[in-house]
Each structure stands twice: as C-alpha cells, then as structure tokens.
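See below for the structure under consideration.
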Amino acid sequence: MFDVIVIGGGIIGLATGRALLKRSPKTRLLLLEKEPQLATHQTGRNSGVVHSGIYYRPGSLKARLCVEGGGRLLQFCKERGIATRRVGKVIVAVEERELSALATLEERGRANGVAGLTRIGPDRLRELEPNARGIAALHLPHVAVVDFVQIAGAMARDIEQAGGVIQTSTCVRRVARADGCWRLDTTRQDCAGAFLINCGGLHSDRLGRLAGDGVSVRIIPFRGEYFTLRPERSSLVSGLIYPVPDPALPFLGVHFTKMLDGEVHVGPNAVLATAREGYRRGDVSLRDCAELLLYPGFWKMSARFWRLGLSEWMRSVNPRAFLRAAQRLVPSLRAEDLCESPSGVRAQAVDHQGTLLDDFAVHSSPHALHVYNAPSPAATASLAIADQLVSELPVGEHHVAFGG
Ligand SMILES: Cc1cc2nc3c(=O)[nH]c(=O)nc-3n(C[C@H](O)[C@H](O)[C@H](O)COP(=O)(O)OP(=O)(O)OC[C@H]3O[C@@H](n4cnc5c(N)ncnc54)[C@H](O)[C@@H]3O)c2cc1C
C-alpha cells in the first residue's frame, strides 16, 4: 500500500514525485510508467527550449510558472552538472501586419518580467542572426536550450534516492476506488494507494475518466513535425529564430532551434494526428479516431479552425509548403538543406465548446489530482508546476495525511 501513486513518467510526473518527497520525505510513493523508458513521449520529443514566458497572458499559470520554473530549471541543471546553452532568441516580424502582435508580445513580456527583453530593428537583427529577415524583432538574450530527457533522468534519481519506487513497463489499465484506497490494475502487478496523481500526458483524460473524474475535456493530439539542417548548413542559424505566433492558437509556429549539440531543428508544425502516439504520418489508431469523431468539442473546434488545419496539413504532406514557412524567416534556406527528423505529439486539451485550453489545467477530485493540460511550456515550468501540485495535496506538517 502506497500513500501516493503518480501515473506517468514524463517530466511532470517525475517533478511532482520529486517535489512531494522533498516536502514529505516519509511519503511512500510509487510512480508508474507504461513505457520501458521514462520520458518517452512529449518530454523526449520536444524542442528543448527553456521558454522565457513572453507568450502568455499576464496572470495566467503559464506566465507565472514558466518564468519561475525556467529560472529554477537552469539552477537545477547547474547543480547537477547538466549541460545548458544560452543561445538567445529572436521573435521576428516579417510584415507590417505582424507589428501589432509583436507589440502585444512585448507588453506581455514586460508584464511577465522577462529578463533582458529588447525591441530591435533590422540592423541589430542582422548582427544577431545574419541570415534572418525581418522588419522588427524582439530579442530575448537569456533563452537557453537543454536536454529534457537528461533532466527527467536526474529527477528520477532524486525520487529513488529519497525512497520512492519507479516502475517502468507498467501500464495502468483500470482504476477503482474501494475500501478507502485506489486499486490499480496494471500490465504488471496490481497496486493500491491512498492518493492518485494523474500525469498521463496524451492519455490523462482517459486516466481521469477511469478514475471516475467527470470532467469533459478531451486530449486532442497535434503532431509537430521537424526537419534538421544538414550539418554544413547549421551556421545559417546562431540561436533561436521564431515567427510572431498566431494569437488565436497555443502553438508557436515553425521556428529554428539551435539545439545543445549544435544541430538546428526546423519546426514544429501542428497537424491533427490520427493517433495519440502517432509520430508518423501513416499512424492511425481506430480507437483514438473514433473517440475524436464522437466528441462534440472536436467538431466545434474543426468548424472554427478548418482553414488553419488544412494549411498545417498541407505543410505536412508537401515539404515545399513547409520550406516556404521556414523561408519567411530565413530566405536563403534551400530544400536540399533539410532532412526529415523525428516528430513529437502535443497533448492539447479541448473542451466541449471546441476551445483549445490556453492555460495549464489541473482538476482536483476526492483523493486525486489530474493534470489535464500541460503542453508547452510545461517542461520549462515543471519544477514550479510540481510545487503548485504538491501544495494542493493534503500534507500535514510532518507527515502525509492521505488515508480515508
Ligand atoms: C513538438 C513539441 C515541442 C515542444 N517544445 C517544448 C519546449 O521547447 N519547451 C517546453 O518547455 N515544452 C515544450 N513542449 C511541451 C513539453 O514537452 C510538455 O509540456 C511536457 O513534456 C509534458 O510532460 P508530461 O509529463 O505532462 O507528458 P509526457 O512527457 O507525455 O509524459 C506522460 C507519461 O505518461 C505515461 N502514461 C500515459 N498513460 C499511462 C498509463 N495508462 N499507465 C502508465 N503510464 C502512462 C506516458 O507513457 C508518458 O511517459 C513541446 C512539446 C512537443 C510535443
């Protein structure tokens, strides 16, 4: 019998398990992960950027936890000897019509306390990124890149050193509340715990329903496809070059990211995926598609965004369209510079009205917490999100009070 069972060995589950044991060292904690390795899904398939917090509505959880969490994450890396690289970032307006959205971002950045933020013109942009083209930009000099898999590994070691148990290759199939505790039926042995924390990422809504939580949001998977630049062309980019994002969407647009190892990623786009873990274009899950088609929120979302969805799909099936999006920022990019690279899938929660949830979303039900929306910048914010989750738990001064 455990005090707390965390489902999900991505960065949110790991950070939460770690924070809980730091706060209440006597907690008997079990963390379950269905894959043989931790951090296999979103945490291991992202852009690796420690975001600054500029994009998010002031006062939102994303704004607060990203700024706080980003600083703490870099400190965590420093303490653990995990490599980070401050590459800096520019958000570039290419056309006049993007200037007002750029100004809004600047205001948000200032309201959110983003360090070092400056507005720059084309000359300074050319100094920073000689191959980028734009009429104005925001410069964020402190933005860094990291390897979130390494960070997740360090968090897992902390959990085990503090006495927590991590079990991989263990998929939770059923969850029931009986005799004052949760009973979990898994692909390995069954287990029981007093309190449940659902950090199931792409499956968090299903796990919530299994545990009897009545919320109506659904996870809709959006694949993000990447290309990498051929090594001899990686000098086209010095740091991170982003477009001005569409304010109607929680995605950032196709951008250039110089990764820790110097490789440059171009992407990701945001294509509706036909499987929650559909990393390739042809991956289809009948169950995932059927659930999607039966969800009214999906149809309402589609009615609103079909035009945008179609253009993202075009960019997915037609590499030339993808190239054109990237060339807006770096005109000298050529088709032969790009090689296909592994993709990631975002777990984006959508509600019954078809609204893409903009902020992080956590739902508390008796003896359980469910993380339903933790897309970007949740990896950046993970340490701060974890503390926020743990602060919502029924923890006594010296011990954990999860029973009953
Ligand atoms: C393309 C892309 C680019 C991104 N770029 C960035 C970025 O640059 N910076 C940033 O901060 N964020 C970025 N993000 C977002 C970031 O990766 C996620 O916010 C973060 O990784 C979410 O972590 P998680 O633990 O919630 O989810 P996950 O990492 O997906 O972990 C959930 C885990 O739960 C497990 N699980 C699910 N169901 C079960 C079950 N039934 N039983 C047991 N285990 C289960 C899964 O196997 C998985 O390992 C990006 C995401 C994507 C997809």
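The values are calculated or read from the model by the stated rules, or taken from the named source; none is laboratory data. Keep in mind the model is a prediction, meaning the values are calculated, not measured. Cβ: placed from backbone, ideal geometry, glycine included. Neighbour counts: every protein chain shown.
Points to keep in mind about this one:
- Criterion: without any contact (Cβ under 8 Å) to a residue 24 or more places away in the chain, outside any loop (DSSP other than H, G, I, E, B) and touching a helix residue (DSSP H, G or I) at 6+ places or on another chain (Cβ under 8 Å) - qualifying residue of ARG320, ARG346: ARG320
- Residues that are over 17 Å from the mean Cα position of the chain (by Cα) and either in the same structural domain as GLU129 (by TED's automatic domain parsing) or in contact (Cβ under 8 Å) with a residue 60 or more places away in the chain (or both) within the range 276-291 comprise ARG280, ASP288, GLU291, listed in sequence order.
Yes/no per residue for (1) more than 9 Å from the ligand (Cβ to nearest atom); (2) under 30 Å from GLY354 (Cβ atoms); (3) not in a loop (DSSP other than H, G, I, E, B):
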site: SER169; (1), (2), (3): yes, no, no
site: ARG177; (1), (2), (3): yes, no, yes
site: ILE197; (1), (2), (3): yes, yes, yes
site: ILE220; (1), (2), (3): yes, yes, yes
site: TYR226; (1), (2), (3): no, yes, yes
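- Annotation: of all residues in the range 1-49 being part of a strand (DSSP E or B) and surrounded by fewer than 24 Cβ atoms within 10 Å (Cβ to Cβ), the one that is nearest to the ligand (Cβ to nearest atom) is LEU30.
- Remark: pairs (first residue in the range 7-19, under 13 Å from LEU32 (Cα atoms); second residue among the charged types (D, E, K, R) and within 6 Å of the ligand (Cβ to nearest atom); Cβ separation under 6 Å; 6+ apart in sequence or on different chains) = GLY9/GLU33.
- Hits in the range 95-129 - residues which are loosely packed, with under 14 Cβ neighbours inside 10 Å, out of contact with any strand residue (DSSP E or B) (no Cβ under 9 Å at 6 or more places or on another chain) and in a loop (DSSP other than H, G, I, E, B): GLU95
Residue-wise test of (1) under 16 Å from GLN42 (Cβ atoms); (2) away from the ligand (no atom under 14 Å from the Cβ).
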{"position": "VAL237", "(1), (2)": "no, yes"}
{"position": "LEU260", "(1), (2)": "no, no"}
{"position": "HIS265", "(1), (2)": "yes, no"}
{"position": "LEU272", "(1), (2)": "no, no"}
{"position": "ARG276", "(1), (2)": "yes, no"}
{"position": "LEU292", "(1), (2)": "no, yes"}
{"position": "GLY297", "(1), (2)": "no, yes"}
{"position": "LYS300", "(1), (2)": "no, yes"}
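- Checked against (1) more than 14 Å from the ligand (Cβ to nearest atom); (2) farther than 27 Å from SER234 by Cα; (3) not in a helix (DSSP H, G or I), VAL90 passes all but a single condition, namely (2).
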